[in-house]
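Working notes, structure below.
The values are calculated or read from the model by the stated rules, or taken from the named source; none is laboratory data. Here the structure is a predicted model, which means the values were calculated and not measured. Don't worry about glycine lacking a Cβ; one is built from the backbone with ideal geometry, like all the others, and counts go over all protein chains shown.
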Amino acid sequence: MALVSCDFHSETLGMGTSMTVILPQPTTSQIGLAGAAPAGDPPVLYLLHGLSDDHTIWLRRTSIERYVAPLGLAVVMPRVDRSFYTDEENGHRYWTFLSEELPEVCRSFFRLSDRPADTFVAGLSMGGYGAFKWALRHPDRFAAAASLSGALDIAERSPGTDDHPIDARLWHTVFGDRPVAGSPDDVLHLLDAAADRRARLPRLYVACGTEDFLYDDSVRFVEAARKRDVPVTVRFGPGDHDWGYWDEWIRDVLAWLPLPSTRHAG
């Protein structure tokens, strides 16, 4: 594997930003690790961080580099600060950065497939929300999307709600006074809208621990998907909102992804 710490200028944000990138490399002489790479441009997983983290966190808290080495999969981990992957009302245009600029920048810097069948997105907590928002707003771009402990019912996290609301100052920065429920920032609304127009959705995966404070968000998403006859792979069981859980279940996500060598697997 090649590990790249990339600092670059974002035209969308109007400032410098960063991403961490893992690139596949075929190797046979590394002790304890065998690397693989496809003959052509590799598939790519956009792996998104949570509210308190940054572009380095997946590498620091999990063994993601080791897990993807035999898969021939590139991994892009961008920095989006505390933006909820949103064009902030009183800040920066992080949604536009993520969904439009980042893929173009990545393909200009690195050899990456641009085929939807080779493109995946996943994330934890705030990143699970971002992953599903991206996949549901642009379902034609992805083959699969996964949420680990995702904040999937963001309207229920607004200030004044009883169950773990988002800080009022942060909410004002990101969403301002605009309504979130029923908007393009509402993942449940996006799911309904996609089902209404019978959009072809990517494969969806939801995992959350039953002791996690965001467990009810994942349950509501799964219930809404099943009500709409939208297939979703579900992994509910013991676990909390912590890195022990995410390190375990990112491996399951990787095994579940329809990578070229596993595309016909269950």
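Return only the number of the condition from (1) in contact with a strand residue (DSSP E or B) (Cβ under 6 Å, 6 or more places away or on another chain); (2) closer than 17 Å to V80 by Cα that Y94 does not satisfy.
(1)
Being part of a helix (DSSP H, G or I) and touching a residue at least 60 places away in the same chain (Cβ under 8 Å) is the filter; apply it to segment 99-115 and report the residue that is farthest from G50 (Cα to Cα).
F109
Among what's in segment 193-230 and is of a type in the set (D, E) and surrounded by fewer than 17 Cβ atoms within 10 Å (Cβ to Cβ), pick the residue that is nearest to A143 (Cα to Cα). Write out each step before concluding.
Step one: of segment 193-230, the residues of a type in the set (D, E) are 196, 211-212, 216-217, 223, 229.
With surrounded by fewer than 17 Cβ atoms within 10 Å (Cβ to Cβ) added as a condition, the list becomes 196, 211, 216, 223, 229.
Details: D196: 20, E211: 30, D216: 26, E223: 22, D229: 18 Å.
Checking each candidate, the answer is D229.
Tally time: how many residues in segment 61-98 are in a loop (DSSP other than H, G, I, E, B) and of a type in the set (G, A, S)?
Result for segment 61-98: 4.
If I filter segment 14-26 down to residues being outside any strand (DSSP E or B) and under 30 Å from S63 (Cα atoms), which single residue comes out as nearest to the chain's Cα centre (by Cα)?
Selected residue: P24.
Could you tell me whether any residue of segment 5-13 is assigned to a loop (DSSP other than H, G, I, E, B), among the aliphatic types (A, V, I, L, M) and under 30 Å from L170 (Cβ atoms)?
Yes, segment 5-13 has at least one match.
One line per residue, one yes/no per condition, for (1) modelled with pLDDT of 95 or more; (2) part of a strand (DSSP E or B); (3) farther than 30 Å from D41 by Cα; (4) within 13 Å of the chain's Cα centre (by Cα):
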| site | (1), (2), (3), (4) |
| --- | --- |
| L136 | yes, no, no, yes |
| S147 | yes, yes, no, yes |
| E156 | no, no, yes, no |
| W171 | yes, no, yes, no |
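State which residue is modelled with the lowest pLDDT when the search covers only segment 1-28 and only residues that are touching a helix residue (DSSP H, G or I) at 6+ places or on another chain (Cβ under 7 Å) and of a type in the set (A, V, I, L, M).
Looking at the filtered set, the residue picked out is M1.
For segment 173-222, what are the residues that are basic (K, R), under 20 Å from the mean Cα position of the chain (by Cα) and assigned to a loop (DSSP other than H, G, I, E, B)?
Across segment 173-222, the qualifying residue is only R200.
Does segment 82-103 contain at least one residue that is crowded, with 17+ Cβ neighbours inside 10 Å, of a type in the set (V, I, T), within 14 Å of the chain's Cα centre (by Cα) and closer than 22 Å to L136 by Cβ?
Yes.
When you check D54 against the structure, is it more than 21 Å from F142 (Cα to Cα) and surrounded by fewer than 21 Cβ atoms within 10 Å (Cβ to Cβ), yes or no?
Judged against the criteria, D54 is a match.
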